[in-house]
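In what follows, a structure is listed as structure tokens, so that the remarks can point back to it.
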Amino acid sequence: SSDLVKPNPYSLNMLISEYGLKKEECLMIGDRLDTDILFGKNAEIDTFAVLTGVTSEEVILSEKTKEAGLRPHYYWDQLEL
């Protein structure tokens, strides 16, 4: 169902509830503004964009991205765990 896929926050909110998490403890990490970052924003959690995929720093910092409400809280050019 489309209710369970990004950027709809339903599935994330279910996980937060099921595991007894607080939204302040969560971070959505992804490389796409229109799915991953919007997913986190729709769920009202912090967002972190990784510049290893389709999104560039130029796009993140653009006025168009800011006006669309798609600017992530944080971003970096790589992610190592």
| said: Name the single residue that is surrounded by the fewest Cβ atoms within 10 Å (Cβ to Cβ) among those in segment 27-40 being closer than 15 Å to residue 75 by Cβ and not charged (D, E, K, R). | reply: 27
| note | For segment 1-26, the count of residues that are open to solvent by 80 Å² or more (accessible area, probe 1.4 Å) and under 21 Å from residue 80 (Cα atoms) equals 1
| query | Taking segment 25-81 on its own, how many of its residues are free of Cβ contacts under 8 Å to residues at least 12 places away in the same chain and in a helix (DSSP H, G or I)? | reply | 7
| request: Answer with yes or no whether residue 51 is in contact with a strand residue (DSSP E or B) (Cβ under 8 Å, 6 or more places away or on another chain) and not hydroxyl-bearing (Ser, Thr, Tyr). | output: yes
| field | Scan of segment 1-23 for residues that are under 14 Å from the mean Cα position of the chain (by Cα) and modelled with pLDDT of 90 or more, ordered by number | value | 23
| query | For residue 69, are the conditions met, namely being of a type outside the set (A, V, I, L, M), open to solvent by less than 50 Å² (accessible area, probe 1.4 Å) and within 22 Å of residue 16 (Cα to Cα)? | reply | no
| request: Answer with yes or no whether residue 43 is hydrophobic (A, V, I, L, M, F, W, C), modelled with pLDDT of 95 or more, open to solvent by less than 40 Å² (accessible area, probe 1.4 Å) and in contact with a Leu (Cβ under 8 Å, 6 or more places away or on another chain). | output: no
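The values are calculated or read from the model by the stated rules, or taken from the named source; none is laboratory data. Since the structure is predicted, the reported quantities are computational estimates derived from the model, not experimental observations. Glycine gets a Cβ as well: all are built from the backbone with ideal geometry, and neighbour counts include every protein chain shown. All accessible areas refer to the heavy atoms of the entire protein, side chains included, with ligands and DNA or RNA removed. Shrake-Rupley method; radii C 1.70, N 1.55, O 1.52, S 1.80 Å.
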